[in-house]
Amino acid sequence: MPDGAAIRYEVRAPNPSDHRAGVVLTVDGVGPGPVEVVLPSWIPGSYWIQDKVRNLSDLRANPTGAPGPLSVRRLAKDRWRVDPGGHGSIEIRYSVYGNEVRSGLLDVTPEHLFLSSGFVLPFVEGRRNEPHDVALVVPPEWTVHTELPEVGRHPSTFRAADFDELIDSPIDAGRPETFTIHPAGIPHHIVLCGAAGGYEPHRLQEDLGKIVEAAIRMFGESPVPGYTFFYHFTDGPGNGLEHARSNSCVFPFTIFRPESAYRYFLRVTAHEYLHLYNVKRIRPTALQPFDLTREGYTRLLWAMEGTTDYLSLLTLLRAGRIGPARYLTTVADEVRMYRDRPGRLHQSLEESSLAAWVDFYRYFEETPNRSISYYLKGDLVSLCLDLHIRHETASQHSVESAWRELWRSHGRELRGVGEDELERLLGRSTGLDLGRFFDDHVRGTGEVDFETYFGFAGLSLEPPPKTRKADDDADAGSLGIDVEPSGGLARITVVRDGGPGRRAGLSPGDEIVAFDGGKVTFDQLSKALERAPAGTKVDVSVFRRSRLRTIPVVLGEAPPKELRLGPAKSATPDAKKLYESWLGEAWSPPKPSEPTG
Ligand SMILES: [Zn+2]
């Protein structure tokens with residue numbers, strides 16, 4: 001290929017049922033010294049060391065167009081050194097296993113080949129900034145979808161400006177269902193792989209179009225000439241990852257029903273789409289350039305992920321996909337979840353951002369007691385920041401206007417945001433001194449006074465009024481633990497600090513076999529608790545490391561299962577005005593007893 005890039009990959013999977021692909025990496029322009037190839041250990045947007053190099057095997061090398069072998073030495077788990085033996089062009093061949101449809105990975109099945117290259121295609125040390133070509137040898141009846149420009153046919157060949165763009169550009173080859181919409185006149189491709197049942201094509205296109213338009217209105221312009229939504233549907237858990245001109249989401253087949261599941265689908269979609277601005281372009285300087293061989297640290301993940309999450313729910317509201325009542329219900333539920341996490345008093349947002357590598361992505365039994373999610377707290381603190389800014393500036397400024405300004409001053413030109421710069425930039429665009437706010441909520445670990453912030457919008461936060469049935473629930477006792485089913489029994493996964501289980505000495509890993517002397521299964525445990533109100537002393541029998549023991553526990557009060565935001569009795573005219581400019585409707589917050597639509 002005379003006009004091919006000097007670094008090019010060819011991927012083929014002649015026997016897709018074995019989930020294996022063969023890759024040939026051709027490197028031209030090789031000097032006299034050795035060539036080292038390295039597989040990334042992590043990919044931008046997913047902050048944990050994944051070690052997917054275990055999927056690679058049989059790495060060999062030969063001179064291009066001549067029989068091998070060349071000497072290959074593996075130097076580390078992720079690095080190989082090839083001696084080119086005086087040849088100016090070499091081919092590196094290996095096998096890669098791909099049986100997981102997720103960003104960064106390869107999924108090879110008889111139905112498709114999904115290549116999200118980060119953990120599949122190694123880079124050539126010292127040459128990441130050069131153009132990279134990737135060719136896919138796939139059945140002729142398949143179509144290939146990617147935001148990379150096509151530079152050759154037979155096989156379909158695509159070019160990335162550099163390695164970072166290559167791994168930021170998923171490619172799907174197969175026979176997906178596809179639609180193209182043109183919100184704001186910009187082509188947006190929707191690629192649905194895995195034929196999910198139950199979705200309404202017209203509604204899906206309309207919803208995604210409205211979300212895109214709302215996002216573009218929020219930031220004032222689109223950063224891209226085109227975009228692709230990749231959706232894969234499987235039976236496993238979902239996930240999503242943002243890319244520079246696309247996103248790649250995996251959802252369960254059942255995501256389109258009921259409405260609550262579909263709303264989650266739309267929210268994730270909006271979140272990944274907003275990353276086009278926040279994180280892909282408004283981005284922390286500290287991670288640039290990406291060192292893909294070891295952890296990279298920034299204290300700003302909360303503003304990259306949490307603020308994106310805050311704006312994603314607001315985008316659904318601005319796009320008319322949810323109403324203010326639904327918006328407020330969702331926000332109140334997020335506050336409830338946040339308050340149920342003891343770690344909120346131990347880890348700040350900044351620390352949570354730094355520790356993503358070991359906390360958020362490595363959740364275990366002690367995680368909720370010692371750490372907080374920078375998504376959840378970042379979302380809620382962004383909400384409080386929005387209400388604070390609106391309150392202090394009579395709604396002249398907001399988080400939306402501040403992020404639009406960040407886009408203009410930093411995102412558009414890819415000027416990174418320094419670790420200590422965000423507070424100053426937001427202060428400058430809003431005219432406020434945000435030092436105290438950042439001390440309290442970004443750098444600090446104190447309780448967040450949500451009541452005060454919601455009060456700025458004339459809202460009050462409270463449990464829903466009790467119905468007769470809820471009355472019964474309200475009396476239910478609590479052990480202050482999380483459980484999961486294990487052989488029909490309830491196995492303790494988390495013991496919450498400050499809760500009755502912790503005080504009594506229950507432990508993660510305990511399998512509960514009896515409650516006050518009576519046998520109890522996983523399914524029966526919550527019923528047993530409903531019959532035993534707070535303050536009751538009960539004997540909880542557990543198997544701990546296979547030894548039976550009985551532990552007396554004084555039950556505590558169950559945390560509220562629900563919180564609602566409703567009109568505050570003391571709502572001032574200014575607060576009502578703030579509410580109207582924030583939620584875009586006349587002052588009419590739902591009464592806490594009203595159902596949400
Ligand atoms: Zn995100």
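The values are calculated or read from the model by the stated rules, or taken from the named source; none is laboratory data. Keep in mind the model is a prediction, meaning the values are calculated, not measured. Reconstructed Cβ throughout: ideal geometry from the backbone, glycine too, with neighbour counts over all protein chains shown.
On inspection, LEU136 does not qualify as crowded, with 24+ Cβ neighbours inside 10 Å and at pLDDT 95 or above.
Of everything in segment 241-253, what is over 14 Å from the mean Cα position of the chain (by Cα) and either within 11 Å of the ligand (Cβ to nearest atom) or over 17 Å from SER169 (Cβ atoms) (or both)? Give them in sequence order.
So in segment 241-253, the residues over 14 Å from the mean Cα position of the chain (by Cα) come out as 244-246, 252-253.
Those that are over 14 Å from the mean Cα position of the chain (by Cα) and either within 11 Å of the ligand (Cβ to nearest atom) or over 17 Å from SER169 (Cβ atoms) (or both): PRO252, PHE253.
Within segment 198-240, the set of residues being of a type in the set (Gly, Ala, Ser), away from the ligand (no atom under 16 Å from the Cβ) and touching a helix residue (DSSP H, G or I) at 6+ places or on another chain (Cβ under 7 Å) comprises GLY198, GLY209, ALA214, GLY220, SER222. Failed condition for VAL137, given (1) more than 22 Å from GLY226 (Cα to Cα); (2) free of Cβ contacts under 8 Å to residues at least 60 places away in the same chain, with all others met? Among (1) more than 22 Å from GLY226 (Cα to Cα); (2) free of Cβ contacts under 8 Å to residues at least 60 places away in the same chain, the lone unmet condition for VAL137 is (2).
Scan segment 194-240 residue by residue and report those that are of a type in the set (Val, Ile, Thr) and touching a strand residue (DSSP E or B) at 6+ places or on another chain (Cβ under 8 Å).
Result: VAL212, THR228, THR234.
Of the listed requirements (1) on the phi > 0 side of the Ramachandran plot; (2) surrounded by 19 or more Cβ atoms within 10 Å (Cβ to Cβ); (3) more than 16 Å from the ligand (Cβ to nearest atom), GLY320 misses just one: (2).
A quick yes/no check of all residues on (1) outside any strand (DSSP E or B); (2) of a type in the set (Gly, Ala, Ser); (3) under 30 Å from ARG408 (Cα atoms):
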residue	(1), (2), (3)
GLY209	yes, yes, yes
ARG217	yes, no, yes
VAL224	yes, no, yes
THR228	no, no, yes
VAL250	no, no, no
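Does segment 288-317 hold any residues that are charged (D, E, K, R) and either part of a loop (DSSP other than H, G, I, E, B) or more than 16 Å from the ligand (Cβ to nearest atom) (or both), and which are they? Full working, then the answer.
Step one: filter segment 288-317 for residues charged (D, E, K, R), giving 291, 294-295, 299, 305, 309.
Listed by number, the residues that qualify are ASP291, ARG294, GLU295, ARG299.
Annotation: TRP80 fulfils all but one of (1) out of contact with any strand residue (DSSP E or B) (no Cβ under 6 Å at 6 or more places or on another chain); (2) surrounded by 17 or more Cβ atoms within 10 Å (Cβ to Cβ); (3) among the aromatic types (Phe, Trp, Tyr); the unmet one is (1). Please tell me if THR285 is farther than 24 Å from CYS384 by Cβ and within 16 Å of the ligand (Cβ to nearest atom). The answer is no for THR285.
Scanning segment 248-261 for residues that are buried (at least 21 other Cβ atoms within 10 Å of the Cβ) and free of Cβ contacts under 8 Å to residues at least 60 places away in the same chain turns up CYS249, PHE251. Filtered by the rule that a residue be over 21 Å from GLU350 (Cβ atoms), within 14 Å of the ligand (Cβ to nearest atom) and not in a helix (DSSP H, G or I), segment 254-280 gives LEU276, TYR277, LYS280. Exactly one residue out of ASP386, ASP379 is closer than 23 Å to GLY435 by Cβ, away from the ligand (no atom under 16 Å from the Cβ), part of a helix (DSSP H, G or I) and touching a Ser or Thr at 6+ places or on another chain (Cβ under 8 Å): that is ASP386.
Restricting ARG73, ARG60 to those that are under 21 Å from SER117 (Cα atoms) and touching a strand residue (DSSP E or B) at 6+ places or on another chain (Cβ under 6 Å) reduces the list to ARG60. Pairs meeting the criteria (first residue in segment 229-247 and hydroxyl-bearing (Ser, Thr, Tyr), second residue part of a loop (DSSP other than H, G, I, E, B) and within 16 Å of the ligand (Cβ to nearest atom), beta carbons under 7 Å, at least 6 apart or on different chains) are SER246/PRO170. Could you give me the residue pairs with C-beta distances under 8 Å whose first residue belongs to segment 1-30 and is part of a helix (DSSP H, G or I), whose second residue is of a type in the set (Ser, Thr, Tyr) wherever it lies, and which are 6+ apart or on separate chains? Every condition considered, the pairs that remain are PRO16/THR109; SER17/THR109. Among the residues of segment 67-118, those that are assigned to a loop (DSSP other than H, G, I, E, B) and among the hydroxyl-bearing types (Ser, Thr, Tyr) comprise SER71, SER89, SER103, THR109, SER116. Note on segment 15-57: among residues that are closer than 19 Å to LEU115 by Cα and among the charged types (D, E, K, R), the one that is farthest from the ligand (Cβ to nearest atom) is ASP18.
In segment 348-376, the residue that is surrounded by the fewest Cβ atoms within 10 Å (Cβ to Cβ) out of those that are within 16 Å of the ligand (Cβ to nearest atom) and among the aromatic types (Phe, Trp, Tyr) is TYR361. Assessment of segment 143-152 against the conditions (crowded, with 17+ Cβ neighbours inside 10 Å and small (Gly, Ala, Ser)) yields no matching residue.
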